[in-house]
Amino acid sequence: MTLCKTTYSLNSWYIRIVGHGGKFGSEDEEPRGCQHFNRVQSFVNLEGFVPVEVQSYETILHVPFVMPFYLPDDVPSIAVIHSLPVCRIEDADGLVYSFTRSAFREPITEIRFNTERLWKRPIIPRVPFAQISTEDKARLATARFVPRYTAFAVTYYALDTMALVDKYIDTYLTEDLLRDPDYTAADLRTMADMEEMNLRYPEGYELVDWVRKGKLQWLDLDHPDLPVIREPVEAFPYSEFFDLKGKRVPFIFHHDLFS
């Protein structure tokens, strides 16, 4: 499995889940992974910052969770969570470089919601970099990448990955279909979204509990070799996350407003 992402921009963090020796990131990357690799899912958390550097941004995964059906007690299996900072370009005065405008702009500190659902505003044309002002070009020369957001990857491993997939199909999907012939919920083994997980498997969000069970481990970011660790539980660094709406639901950011 390869994890190839751009950590200096939100733009490349499209959401995708990949399994069985796959990858997410550049399609040109050669997939790598062991036979025990099951799948990996990515999340991006804004950490309370407003992404004024982009015109629009949408995410369906921003609060990390684990998928319980891939961490059963009867099959040797674990998940590993890792985090990476995602940066934006800021100058010494805190102005943020906008890729859309090819210009610096003031940051927005207040999270504002589009309560009127007005999405038909005219799209701001993308300004070519060649048209950047002399002043902003000078600012850009001394600007820096500032970590504001956090990307997370939760990777699953199992002694027998196909057994877990087969069990999910035979048990969870079949039960849902038999109970409700009109069942249309997402097949979570390919894309588990926050709302569906919160409805069906809310325990997946209790990451500390999964650490206590020995099912969730993490990388030691203080060590250059990034070893995988599982204890002590008190050292687990991912117990709290910023949740924009507090409801574990997706959101859209458009023209400085959230919805």
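So the values come out like this:
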{"read-out": "Neighbourhood net charge (11 Å Cβ-Cβ; Lys/Arg +1, Asp/Glu -1) for L140", "value": "-1"}
{"read-out": "Summed residue charge, Cβ within 15 Å of D91's Cβ, Lys/Arg positive, Asp/Glu negative", "value": "+1"}
{"read-out": "Environment charge at V80 (Cβ cut-off 11 Å; Lys +1, Arg +1, Asp -1, Glu -1)", "value": "+2"}
{"read-out": "Projected label distance in nm at S133 and R212, using a 7 Å step from Cα toward the beta-carbon", "value": "5.6"}
{"read-out": "Shape category assigned to the stretch 69-148 from the gyration tensor of Cα positions, a/c cut at 1.5", "value": "prolate"}
{"read-out": "Projected label distance in nm at A141 and D225, using a 7 Å step from Cα toward the beta-carbon", "value": "4.5"}
{"read-out": "Rough spin-label spacing in nm, given labels placed 7 Å along Cα→Cβ, for I252 and E234", "value": "4.6"}
{"read-out": "Stretch gain in nm, segment K167-E47, where the contour uses 0.36 nm per residue and the Cα spacing is subtracted", "value": "39.6 nm"}
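Throughout, read-outs are computed from the coordinates displayed, never taken from laboratory work. All figures in this text were calculated on a predicted structure; none of them were measured in a lab. Cβ coordinates were reconstructed from backbone atoms using ideal geometry, including for glycine residues, and neighbour counts include every protein chain displayed.
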